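Asks: Pasting in a structure now, in structure tokens, and then I'll have a few things to ask.
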Amino acid sequence: MWKIAWRNVLRNKRRSLLSIIIIVISVIVLFLVKGYNTGTFEGLTIMSVMQYGNLQIAKAGYWKNTDNERYLLAREETVKIKEILAENPAVISCSAELAIYGIMGTEESSAIVSGTGIEPGSGQGQNLMMVSGSNLFEGDVDRVLLGKGVMQKLGLEEDEWVSLMTTTLDGAYNAGNLQVTGAFSVGNLDADNVYVMLPLGYAQSMLNTDGVDKLVVNLAEVKQTATIISWLKERFAAEGLEVEVKSWLDLATFYHQVRSLYETVFFFISIVLFVLVFFSILEIISMAFFERMNEIGTIRAIGTQRHQVFVLLSQEGLILSLIAGVIGIAGGWLAGYLINQANLTYTPPSVSEPVMLYIDLALANGITPFVLVVVATVLSAIIPAVKAARLNVVEVLRHF
């Protein structure tokens, strides 16, 4: 039966070619969309891990914060947590952070800022995307990195001095001077207009505390995050530490929003192309069915069973879909490769810097498009195949 079905596909060249073109275009489109989504998710994962670390550790109640109190880790707790983290070789870095809010300004202008005290030279400090100047280095005491928007607002240059005014945890006013070392960007225009980074020790002195908000932990592999979190919870419970641990997935709200949006778009595109392929192939095969009524009547008259006719026509549809699906995946890979080589860029919403248009070329991205068009084609072939199998031989032969 397969041999006969293959011959029928080759014999009806024009109809087969039209069907293959429709299927190939559908697979290419779905492959590119799937590859773009996968590449975007990979990039978002990298950006989220750079921003949040693989996981964060904070005082119990820190992330809920329903009473507007500061839940700080005491120095003793921070030391103990770092000792526990040092036991696991999967942990490659751990840095403490302390949030600080206030007004930063010069004699000419001022701006409200949201600052983070970091350990200079730590993994988190090195993850910043520098725009100008230099990063904070180990040993820096009174230097500050400004979001590029903050630097523009204040009209500052590298090595100039700027004042910071804030309130301590006790509610008293405090002020100090910092030397600008450079400007950075987090890829978000609104954030770049308020973010600043300064040494942790300086932030602690401004707030009159020796505590920290949280510890940011970086691991050797992203896939180790869940395992390390489970291990840490056991160790913290054994040591009696009242802390919470959250992964980057728990903290990266933007990642989940973008992923949900892209997956929804891909779903609807898949549905549209499924319907397109189904009805297109159904129309083509149905037309072929009427053209081949004499042929079907003849093979039925010489003893071919109903189920054999059904299987034959279904096999023709399956052969078409398999051939076109493979060609479509190859075409999608080639199209994705050419797009990547073109080095195209675009600026996504809420992002201040252009990013590369990247298509992930993993063959796994072709599985969904391939299965989708095969199912759509086979289903579209079943309807005329059922009709052909039910034909009355005598009535069909009357059309000769």
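The values are calculated or read from the model by the stated rules, or taken from the named source; none is laboratory data. In this text the structure is predicted, and so the values were computed from the model without any measurement. Glycine also receives a Cβ, built like all others from the backbone with ideal geometry; neighbour counts cover every protein chain displayed.
Asks: Please state which of the following conditions G43 fails to meet, knowing it meets all the rest: (1) touching a strand residue (DSSP E or B) at 6+ places or on another chain (Cβ under 8 Å); (2) at pLDDT 90 or above; (3) not assigned by TED's automatic domain parsing to the domain that holds L200.
Replies: Exception for G43: condition (2).
Asks: Something else: Picking from M130, M165, M151, which residue would you name as being outside the structural domain of P348 (by TED's automatic domain parsing), out of contact with any helix residue (DSSP H, G or I) (no Cβ under 7 Å at 6 or more places or on another chain), closer than 16 Å to G102 by Cβ and of a type in the set (A, V, I, L, M)?
Replies: M165
Asks: Name the pairs whose Cβ atoms lie under 7 Å apart, with the first residue in the stretch 233-257 and closer than 30 Å to G187 by Cβ, the second of a type in the set (K, R) and surrounded by 13 or more Cβ atoms within 10 Å (Cβ to Cβ), and 6 or more positions between them or separate chains?
Replies: V243/K59; V245/K233
Asks: Could you check, for the stretch 163-183, whether at least one of its residues is under 25 Å from S122 (Cα atoms), assigned to a strand (DSSP E or B) and of a type in the set (F, W, Y)?
Replies: The answer is no; no qualifying residue exists.
Asks: Mind listing whichever residues of the stretch 68-112 are over 26 Å from A191 (Cβ atoms) and over 32 Å from the mean Cα position of the chain (by Cα)?
Replies: Residues satisfying the conditions are A74, R75, E76, E77, T78, V79, K80, E83, E107.
Asks: Would a scan of the stretch 16-27 turn up a residue that is out of contact with any helix residue (DSSP H, G or I) (no Cβ under 6 Å at 6 or more places or on another chain), surrounded by fewer than 14 Cβ atoms within 10 Å (Cβ to Cβ) and over 30 Å from I271 (Cβ atoms)?
Replies: No: zero hits.
Asks: Would you mind listing the helices (runs of 4 or more DSSP H) fully within the stretch 239-334 where at least 1 residues are surrounded by fewer than 19 Cβ atoms within 10 Å (Cβ to Cβ) and modelled with pLDDT under 90?
Replies: Passing ranges, in order: 253-291, 293-301.
Asks: Answer yes or no as to whether V212 is farther than 20 Å from D140 by Cβ and surrounded by 14 or more Cβ atoms within 10 Å (Cβ to Cβ).
Replies: no
Asks: Can you tell me which of (1) more than 29 Å from the chain's Cα centre (by Cα); (2) at pLDDT 90 or above; (3) surrounded by 15 or more Cβ atoms within 10 Å (Cβ to Cβ) is the one G133 doesn't meet?
Replies: Among (1) more than 29 Å from the chain's Cα centre (by Cα); (2) at pLDDT 90 or above; (3) surrounded by 15 or more Cβ atoms within 10 Å (Cβ to Cβ), the lone unmet condition for G133 is (2).
Asks: Sticking with this one: Considering the stretch 137-162 alone, what residues qualify as being without any contact (Cβ under 8 Å) to a residue 60 or more places away in the chain and assigned to a loop (DSSP other than H, G, I, E, B)?
Replies: F137, E138, G139, D140, G155, L156, E157, E158, D159, E160
Asks: How many residues does the stretch 207-232 hold that are among the small types (G, A, S) and assigned to a strand (DSSP E or B)?
Replies: Qualifying residue count for the region: 0.
Asks: Okay, moving on. Among the residues of the stretch 246-265, are any touching a Gly at 6+ places or on another chain (Cβ under 6 Å), more than 30 Å from T106 (Cα to Cα), aliphatic (A, V, I, L, M) and not assigned by TED's automatic domain parsing to the domain that holds L32?
Replies: Checking the stretch 246-265: not a single residue is touching a Gly at 6+ places or on another chain (Cβ under 6 Å), more than 30 Å from T106 (Cα to Cα), aliphatic (A, V, I, L, M) and not assigned by TED's automatic domain parsing to the domain that holds L32.
A quick yes/no check of all residues on (1) over 18 Å from Q56 (Cα atoms); (2) polar (S, T, N, Q):
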| position | (1), (2) |
| --- | --- |
| E69 | yes, no |
| E87 | no, no |
| G117 | no, no |
| S122 | no, yes |
| V131 | yes, no |
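Asks: I would also like to ask the following. Looking only at the stretch 177-202, filter to residues that are more than 14 Å from G133 (Cα to Cα) and exposed (fewer than 15 other Cβ atoms within 10 Å of the Cβ); which one of those is farthest from the chain's Cα centre (by Cα)?
Replies: Filtering the stretch 177-202 for residues that are more than 14 Å from G133 (Cα to Cα) and exposed (fewer than 15 other Cβ atoms within 10 Å of the Cβ), the one farthest from the chain's Cα centre (by Cα) comes out as N177.
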